[in-house]
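Data block below; observations after.
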Amino acid sequence: MIGHNNPPHAIALEEARAFEADCNELIVINNEDDAAKAAILIDREVKGRKAAEKSRTEEKKPHLDAAKEVDECWKPVTEVYQQSVG
């Protein structure tokens, strides 16, 4: 999509919905042509799902890293309180 301004997850959702529509068009496999189309859809599903998961984990990683930093900063504080009553 040239000139788009959408975030990656919005673009991926559009692609997933297009995939879903293509799947809905091929409800029954009646011949070899339909079987070939189904094989292509299966390939698209695997590649699309793996790409989405990779993008999600890459986008989330900085947040997980930041959360770990916050936890490490606060850990000494909570340890003092825990040791004081123990």
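The values are calculated or read from the model by the stated rules, or taken from the named source; none is laboratory data. The model shown is predicted, which means the values in this text are computed figures rather than measured ones. Don't worry about glycine lacking a Cβ; one is built from the backbone with ideal geometry, like all the others, and counts go over all protein chains shown. Note: accessible area is taken over every heavy atom of the protein model, side chains too, but ligands, DNA and RNA are not part of it. Shrake-Rupley method; radii C 1.70, N 1.55, O 1.52, S 1.80 Å.
Observations
- Criterion: more than 25 Å from Leu13 (Cα to Cα), modelled with pLDDT of 95 or more and of a type outside the set (Gly, Ala, Ser) - qualifying residue of Lys68, Lys60: Lys68
- Comparison of Asp34, Asp22 shows that the only residue that is part of a helix (DSSP H, G or I), at pLDDT below 95, out of contact with any strand residue (DSSP E or B) (no Cβ under 8 Å at 6 or more places or on another chain) and over 26 Å from Pro8 (Cα atoms) is Asp34.
- Residues that are aliphatic (A, V, I, L, M) and surrounded by 10 or more Cβ atoms within 10 Å (Cβ to Cβ), drawn from segment 1-34: Ala10, Ile11, Ala12, Leu13, Ala16, Ala18, Leu26, Ile29
- Tally, over segment 40-57, of residues that are among the aliphatic types (A, V, I, L, M) and open to solvent by 90 Å² or more (accessible area, probe 1.4 Å): 2
- Residue satisfying condition, being open to solvent by 80 Å² or more (accessible area, probe 1.4 Å) and touching a Leu at 6+ places or on another chain (Cβ under 9 Å), within set Lys75, Lys60, Lys37: Lys37
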